[in-house]
Amino acid sequence: MAAPLVPAAAALGASFGVLARTAHVGAVAAVVMSATTFAGSAQVAAVSVLGAGGGVAAAVVAALLLNARYAPIGISIAESFRGRFLRRLAEAQLVVDESWALARGGTAAFDRGVLLGAGVALWVGWTGGTAAGALLGGVIGDPKSFGLDGAFAALFLGLVGSQLRSRRAFAAAAGGALIAVALTPVTPPGIPILAATAAALAGWRRA
């Protein structure tokens, strides 16, 4: 089920590897980051902040904010994991947006086998792609000449576009964009990303 997604994961992993090298992150560090973090959007945010001259704190906070969605995702699928703590911890590492969606399959229950199989396949594609991009980044040259610098921006726009189904969602997205654009020329790198998250309050709803 995850087979069609693996090439895309590898391609995005390669883009991240090239981006990491242009941000002066070592090849080994980039691969280790992908193998242990396995969170594309958070990794790109952290590396982008660092590459633009931002501080470590801003990079870490930006990554944490992007990964905050895994709290409810983890709660929703927690009952599918079995065994001792270390086993459950290792299996939880394979939970990403795609493996979670495939495991659910449009139902209320989760297929643990699909989750783990899809997670492993995507992990291999992402980590392998990162290794290729990081090791061959110097050979490829300037990623802008191939459009790789815009790969993740296009991915994020695609993800946001699929969520704009209400006025609240549109207001939150537009507000975040305006905050980031306004602050980028006058604040240190990383700050616009953090400040833009305040726009999420536009979509807040009481239970």
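The values are calculated or read from the model by the stated rules, or taken from the named source; none is laboratory data. What you see is a predicted model, and the numbers here were worked out from it, not measured in a lab. Note that each Cβ is placed from the backbone with ideal geometry, even for glycine, and that neighbours are counted across all protein chains shown.
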- Item | Leading residue by the ranking (surrounded by the most Cβ atoms within 10 Å (Cβ to Cβ)) among those in region 26-62 that are among the β-branched types (Val, Ile, Thr) and under 22 Å from Pro192 (Cα atoms) | Val49
- Message: Against the condition under 22 Å from Gly128 (Cα atoms) and not assigned by TED's automatic domain parsing to the domain that holds Ala196, how does Ala57 come out, does it pass?
- Response: no
- Message: Quick check on this structure: which one of Val49, Val18, Val31 is in contact (Cβ under 8 Å) with a residue 12 or more places away in the chain, touching a Leu at 6+ places or on another chain (Cβ under 6 Å), on the phi < 0 side of the Ramachandran plot and assigned to a helix (DSSP H, G or I)?
- Response: Val18
- State all residues of region 69-88 that are surrounded by fewer than 11 Cβ atoms within 10 Å (Cβ to Cβ) and hydrophobic (A, V, I, L, M, F, W, C); if no residue qualifies, say none. Ala71, Ile75, Phe85, Leu86
- Task: Return yes when Leu159 is at pLDDT below 80, of a type in the set (A, V, I, L, M, F, W, C), within 23 Å of Leu19 (Cα to Cα) and in the same structural domain as Arg21 (by TED's automatic domain parsing) and no when it is not.
- Result: yes
- Message: What are the pairs with Cβ atoms under 6 angstrom where one residue, in region 79-97, is among the acidic types (Asp, Glu) and the other, located anywhere, is outside any helix (DSSP H, G or I) and surrounded by 14 or more Cβ atoms within 10 Å (Cβ to Cβ)? Sequence gap at least six, or different chains.
- Response: Glu91/Phe81
